[in-house]
Amino acid sequence: MLDEELERLFRLYHGPLVRYLTRRLGDRDWAEEVAQEVFLRALRQDSLVSERSWLFAVATNMVRDEARRSERQRRHLQVLAEQERETMVEPGPTNAERAHEVALAREALQSLAEKDRLALLMREEGLNYEEIAAALELSVGSVGTTLARARRRLAETWESLQAGEGRRTAGGSDNG
């Protein structure tokens, strides 16, 4: 496709395509990225018969393919997490306090959003920011923010759970 043709297509259809994608994805920046890729694909075509329908079909297919890929990745991460849970050897609690702390920690961890929980677990396993970003489909720059938020929420939840346990213990420890 000639540059002039692509420029004409861009002028005619960029706005409507981005609006469509924004409504579909709920994120204008992401919509702009998809639209950019659609126009790059148009550039590689010799000619387009039904320009508008071709552009919107390619955009729709790209969004659908991304959703499928994300779902496959989410299922894969769930399978990995399940396998990890199955292979973990739970040590017998050395005392009731330790068992209780472990239960509270698990509860606090489970209360996190999935992405936050997975980012923390991956970092704990030694994955670097690039590996976490690739696994969770984040930008490398947002991994630090995700981890900081996850740590903060984990600490807040942990403290809240401990405070709740303290109130229950104090209220029920009267032996008289």
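The values are calculated or read from the model by the stated rules, or taken from the named source; none is laboratory data. All values derive from a computational prediction rather than experimental measurement. Positions of Cβ are backbone-derived with ideal geometry, glycine not excepted, and every protein chain shown enters the neighbour counts.
Here is how the numbers come out for the structure above:
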item	result
Candidate set from the stretch 23-37 (those that are among the aliphatic types (A, V, I, L, M) and closer than 11 Å to GLU66 by Cβ); member that is surrounded by the most Cβ atoms within 10 Å (Cβ to Cβ)	VAL34
Test result for GLU124, modelled with pLDDT of 85 or more, surrounded by fewer than 16 Cβ atoms within 10 Å (Cβ to Cβ) and within 30 Å of ARG72 (Cβ to Cβ)	no
Residues satisfying the stated conditions in the stretch 1-51, i.e. assigned to a helix (DSSP H, G or I) and more than 33 Å from the chain's Cα centre (by Cα)	ASP3, GLU4, GLU5, LEU6, GLU7, ARG8, LEU9, ARG11, LEU12, GLU51
Residue satisfying all of: in the stretch 127-144; modelled with pLDDT under 90, hydrophobic (A, V, I, L, M, F, W, C) and within 24 Å of ALA67 (Cβ to Cβ); nearest to the chain's Cα centre (by Cα) among these	LEU136
Meets criteria (surrounded by 14 or more Cβ atoms within 10 Å (Cβ to Cβ) and under 13 Å from the mean Cα position of the chain (by Cα)) for ARG75	no
